[in-house]
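Trainee: After the structure tokens below, expect a handful of questions from me.
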Amino acid sequence: MLAGRLAEPRRFLHVVAGPRQVGKSTLVQQVTDELGLPVRYASADEPTLRGADWISQQWGAARLEASGEAGAVLVLDEIQKISSWSETVKRLWDEDTRKKRPLKVVLLGSAPLLMAQGLTESLAGRFETLRLPHWSYAEMHAAFGFTFEDYLYFGGYPGAAPLIRDPLRWARYIADSLIETSIARDVLLLTRVDKPALLRRLFELPCRYSGQILSYTKMLGPLQDAGNTTTLAHYLDLLAGAGMVCGLPKYAGDAARSRGSSPKLQVLNTALMTVTAGVSPQEARSDREFRGRLIESAVGAHLANAAATSECELYYWRHRGQEVDFLVKARSRLIAVEVKSGRAPQAHAATAAFAAAFNVKRTLLIGGDGIAVEDFLSRPVAEWLAP
């Protein structure tokens, strides 16, 4: 997709956003290598202080290479780490547009929420976005030979894949290079967080209770903090914006009521669950309860990552003791998804109750007597949503 966009005449800024270690830089390098154009790559993800002048310097150097009709490509990585970056990019992009300079620009960022803020505030009408989620089971299987059990435990981090034969080393890499770096450099460094210790402890809740519905008021208990529910909701949004964990809203048929509901906690990569739990691959497989939570979380992550790329909207539903694991809304179509880690009956009272209350187009049973979990994860979500 990106290759086709860059091969076109210069029309838009190209924005590639997604969590850390999902292959953004590698993708851009592979695409630009195929194009055969001069490329200038620069990253703001370095210890030295960057500012708006740095963007202008990199842009100016790239302009010198943009000779001829085909032009050149400027790639600016971790751009959101520069204060007021969007205003500087807007000024330079508009200058090139007026003077018809053939410079194509790609912006990369590992904090999609912060990227989106800068884009919508200053660059409206000047960009198109390619969102990269965590890698799916099909992608990890094709690239690294992951089995289904591998994927449940090790998740979808391609950079960590070569370490899985040494689970302790793999776990240290995930904890130090991904979890800590994402929190410290993509959230705390770039956003005002008055209670960083609270945010760190909040991150652990979805990792330990992924798949469970937990009110913000009940969260305050295990967090042992005097914060308020509004602060928790904001911090959970920040963690979701960094592509780590999220809180799924309850489906109520009304946007305002959904936003005010208790969230269903969900990891976006099952590796976060296993590392936080501190269990070995053997322990994860033998513990039936934990493995069941891993299976439901893997299905939820598959759906949530599709929602993060705007393929759909994702909710849960609960009413009077009845619960539907996931509600997927694609345009005006509603699909109910139930996940069973063991053998399950064909009839599901909660799904039937929801279907009776709302206009459900399809119900999917994953696991048990339904679609095999491995088969569900092997196919893109868009295929399951197709009419």
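Trainee: Picking from 235, 153, which residue would you name as being at pLDDT below 95, in the same structural domain as residue 283 (by TED's automatic domain parsing), crowded, with 17+ Cβ neighbours inside 10 Å and touching a Leu at 6+ places or on another chain (Cβ under 8 Å)?
Mentor: None of the others qualify; the one that does is 235.
Trainee: Follow-up question, since we're still on this one. Just give me the residues in the range 80-125 being modelled with pLDDT of 85 or more, outside any helix (DSSP H, G or I) and in contact with a Lys or Arg (Cβ under 7 Å, 6 or more places away or on another chain), in sequence order.
Mentor: Those that are modelled with pLDDT of 85 or more, outside any helix (DSSP H, G or I) and in contact with a Lys or Arg (Cβ under 7 Å, 6 or more places away or on another chain): 101, 102, 103, 104, 108.
Trainee: Now a separate question. Of all residues in the range 65-91, which are under 27 Å from the mean Cα position of the chain (by Cα), among the acidic types (Asp, Glu) and farther than 20 Å from residue 125 by Cα?
Mentor: 77, 78
Trainee: Can you name every residue in the range 169-206 that is in a helix (DSSP H, G or I) and more than 20 Å from residue 22 (Cα to Cα)?
Mentor: Scanning the range 169-206 gives 188, 196, 197, 198, 199, 200, 201, 202, 204, 205, 206.
Trainee: Let me ask another. Restricting attention to the range 163-187, which residues are within 13 Å of residue 244 (Cβ to Cβ) and either buried (at least 18 other Cβ atoms within 10 Å of the Cβ) or modelled with pLDDT under 95 (or both)?
Mentor: 174, 178, 179, 180, 181, 182, 183, 184, 185, 186, 187
Trainee: For residue 300, all conditions in the list (1) out of contact with any Phe, Trp or Tyr (no Cβ under 7 Å at 6 or more places or on another chain); (2) under 30 Å from residue 170 (Cβ atoms) hold save one; what is the number of the exception?
Mentor: Every listed condition holds for residue 300 apart from (1).
Trainee: How many residues, within the range 21-36, are without any contact (Cβ under 8 Å) to a residue 40 or more places away in the chain and not charged (D, E, K, R)? Steps first, answer last, please.
Mentor: Step one: list which residues in the range 21-36 are without any contact (Cβ under 8 Å) to a residue 40 or more places away in the chain, which gives 26, 29-31, 33-36.
With the extra rule that they be not charged (D, E, K, R), the set shrinks to 26, 29-31, 35-36.
Total satisfying the criteria: 6.
Trainee: Find the residue count for the range 360-383, including only residues that are hydroxyl-bearing (Ser, Thr, Tyr) and over 23 Å from residue 309 (Cβ atoms). Lay out the reasoning, then the answer.
Mentor: Step one: list which residues in the range 360-383 are hydroxyl-bearing (Ser, Thr, Tyr), which gives 363, 378.
With over 23 Å from residue 309 (Cβ atoms) added as a condition, the list becomes 363.
The number of residues fulfilling the criteria is 1.
Trainee: Name the single residue that is modelled with the highest pLDDT among those in the range 59-75 being touching a Lys or Arg at 6+ places or on another chain (Cβ under 7 Å) and surrounded by fewer than 18 Cβ atoms within 10 Å (Cβ to Cβ).
Mentor: Top of the filtered list is 61.
Trainee: Can you pull out every residue in the range 12-49 that is out of contact with any strand residue (DSSP E or B) (no Cβ under 8 Å at 6 or more places or on another chain) and surrounded by 19 or more Cβ atoms within 10 Å (Cβ to Cβ)?
Mentor: 19, 20, 21, 22, 31
Trainee: Residue 171 passes all but one of (1) more than 18 Å from residue 204 (Cβ to Cβ); (2) in contact (Cβ under 8 Å) with a residue 60 or more places away in the chain; (3) in contact with a helix residue (DSSP H, G or I) (Cβ under 7 Å, 6 or more places away or on another chain); which number fails?
Mentor: (1)
The values are calculated or read from the model by the stated rules, or taken from the named source; none is laboratory data. Because the structure is a prediction, the values reported are computed rather than measured. Every residue, glycine among them, receives a Cβ derived from its backbone with ideal geometry; neighbour counts consider all protein chains shown.
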